[in-house]
Amino acid sequence: MGDISPAQMKVARYRCQGGPENIEVGEQPMPVARSGELLVRVHASSVNPVDWKMAKGEFPFNIVRPKLPFVPGFDVAGEVVTAAEGFAVGARVYSRLPSLSAGASAEFVAVPASAVATIPEAMGYPEAAAIPLAGMTALQALRDQARMPVSGADGYRVLVVGASGGVGHFGVQIARAAGAHVTGLCSGRNAALVSSLGAHEVVDYTTGAAPNGGGDFDVILDCVGGAPVGRFLPWLTARGVYVSCVPRADTFAWQAFYTLTLRRRVRGVLLSPRADDLRWLGGLYERGGLRAHIDATFPLEGLGDAHRMSIAGRTRGKIVIAVA
Ligand SMILES: NC(=O)c1ccc[n+]([C@@H]2O[C@H](COP(=O)([O-])OP(=O)(O)OC[C@H]3O[C@@H](n4cnc5c(N)ncnc54)[C@H](OP(=O)(O)O)[C@@H]3O)[C@@H](O)[C@H]2O)c1
């Protein structure tokens, strides 16, 4: 009796740790959906900096080393192939894959049904792939860490640092839709984009100017990192909260200090993927309050170029991978 080889699928994967020069396109066995999981045919994925940071061994703090070969990518949008938990075959779903082993740069993924949401009817696969990781990070930073109301936030003044990037461009839109007065810190070349997303004011960081002279923000969402927390504290109101998407040792030190003084003033966000939050973002999209700006689209074979583009740090909105 001959061997029955499992069905194969195309993937883009890192054959060893390091930079995008180590990415190859190849085949590997299709995943098998276990109980409670959906098998999803991936139509699109998107790139997040964590993808190449993990491959380089930079995240999280190089404690979790990806198993090699490593198929990067957390964001998927696609079509259900094997039904489970109320999702029918053919249903259009999107997800931030909940497992640290990632795997989105592939033709198929198996994903717990609890981690997916239905894609809104008017949303295409590319936008659906662009939203999960970055959109949920922006939402959780503003709502859960800064404790800004996501509706009726009139009177709140929000500064988004890195307003033109993946997380930042969703942060601008979520804060604007909440009713806040939004200032975007970005370079001059991205001013028009950030204004078009709803920012009331745009400040060019390359001039080195403090936005509004500083001093009056209720929330600062830092999507860039690298600058000491102390730079931002003078820009906050007395009740203001600084939230970093790229927390460093000093972020945690300041957070611990303020926690001891019973104040919420400095926080780091670490995304916790939740289908409810995806549904919330989908609702905002349907109400016209959210869109994904797609800077570039690459095929699976172009994943290396997509990662190089992300590493360069100049992405406007999101980079999408068109899979099928
Ligand atoms: N903690 C978490 O759970 C979590 C989740 C998601 C992301 N993150 C992290 O958050 C960071 C941002 O992610 P992302 O997806 O938004 O990255 P991204 O899309 O690659 O960000 C690129 C954007 O950053 C802007 N930028 C670069 N330097 C800047 C500066 N000094 N001031 C203002 N804008 C600047 C660039 O605009 P210019 O070209 O105009 O400079 C570009 O538009 C990454 O480090 C990522 O790993 C963390």
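The values are calculated or read from the model by the stated rules, or taken from the named source; none is laboratory data. Remember, predicted model here, so these are calculated numbers, not experimental data. Reconstructed Cβ throughout: ideal geometry from the backbone, glycine too, with neighbour counts over all protein chains shown. Quick note on the areas: whole protein, heavy atoms, side chains included, nothing else; ligands and nucleic acids left out. Shrake-Rupley method; radii C 1.70, N 1.55, O 1.52, S 1.80 Å.
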Taking N as the number of residues in the chain, the ratio of its alpha carbon radius of gyration to 2.2 N^0.38 Å works out to 1.01
For the chain, the dipole about the Cα centre with charges only on Cβ (Lys and Arg +1, Asp and Glu -1), to the nearest 20 debye, works out at 800
The answer for trypsin sites (Lys or Arg not before Pro) in the range 268-318 that fall in a DSSP coil and have at most 16 neighbouring Cβ atoms within 10 Å is R287, R314
Taking the chain and counting helices only, DSSP H stretches of n ≥ 4 at -39,500 (n - 2.57) each over all residues, the nearest-500 ellipticity at 222 nm comes to -7000 deg cm²/dmol
With the dipole of the chain defined by +1 on each Lys or Arg Cβ and -1 on each Asp or Glu Cβ, the option from P112, M148, S195 whose Cα lies farthest towards the positive pole is M148
With DSSP loop assignment and no more than 15 other C-beta atoms within 10 Å, the chymotrypsin sites (Phe, Trp or Tyr not before Pro) in the range 55-157 are F61
In terms of the charge dipole of the range 120-185, which places +1 on Lys and Arg and -1 on Asp and Glu at the beta carbon, the residue among H169, A130, G179 farthest towards the positive end is G179
With R₀ set to 35 angstrom, the calculated FRET efficiency between the beta-carbons of E301 and Q17, to the nearest 0.05, is 0.95
Stretched fully, the stretch from M9 through E286 gains (0.36 nm per residue minus C-alpha distance, one decimal, in nm) 96.4 nm
The size of the Cβ-based charge dipole (Lys, Arg +1; Asp, Glu -1) of the range 134-268 about the Cα centre, to the nearest 20 debye, is 300
Heavy-atom accessible area per residue of the chain, all protein chains kept, 1.4 Å probe, expressed in Å², is 42
Two pseudo-spin positions, 7 Å from Cα along C-beta at S99 and at E24, lie apart in nanometres by 2.2
Longest the chain segment clear of GluC sites (Glu not before Pro) sitting in DSSP loops (not H, G, I, E or B) with at most 13 other Cβ atoms within 10 Å runs 122-324
H200 and E121 label points (each 7 Å along its Cα→Cβ direction) are spaced in nm at 3.5
In the chain the accessible area split gives carbon plus sulfur, as whole percent at 1.4 Å, a share of 55
